[in-house]
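Peer 1: Structure incoming, see below.
The values are calculated or read from the model by the stated rules, or taken from the named source; none is laboratory data. The structure presented is a predicted model; accordingly, all values stated were derived computationally and were not measured. Backbone-built Cβ (ideal geometry, glycine too); neighbour counts: all protein chains shown. Accessible surface areas use protein heavy atoms only, side chains included; no ligands, DNA or RNA. Shrake-Rupley method; radii C 1.70, N 1.55, O 1.52, S 1.80 Å.
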Amino acid sequence: MSRLNWRKSTFSEEASSCVYITAARNGKIRLRESDDPHIILTTTPAALQFLIRAAKAGAFDRIQES
């Protein structure tokens with residue numbers, strides 16, 4: 001497996017929890033969180049774009065932990 005070029009937002013502080021993102025050769029998008037980097041989520045560009053647009057529109061603003 002080739003090494004992936006993980007990137008994080010330039011808005012993230014160095015010591016804070018960050019989400020990293022990379023694109024795999026098969027076109028899938030992979031995401032991981034800095035506190036648990038061995039857990040990797042895989043998605044499509046379209047699904048990630050939908051999630052980002054929904055978050056920006058406030059779709060998750062009222063979600064509460066149970």
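Peer 1: Of everything in region 44-59 that's more than 21 Å from SER17 (Cα to Cα) and among the hydrophobic types (A, V, I, L, M, F, W, C), which residue is least open to solvent (accessible area, probe 1.4 Å)?
Peer 2: Once the filter is applied, the top-ranked residue is ALA54.
Peer 1: Are any residues in region 22-43 open to solvent by less than 50 Å² (accessible area, probe 1.4 Å) and either farther than 18 Å from ASN5 by Cβ or not in a strand (DSSP E or B) (or both), and if so, which ones?
Peer 2: Across region 22-43, the qualifying residues are ALA24, GLY27, SER34.
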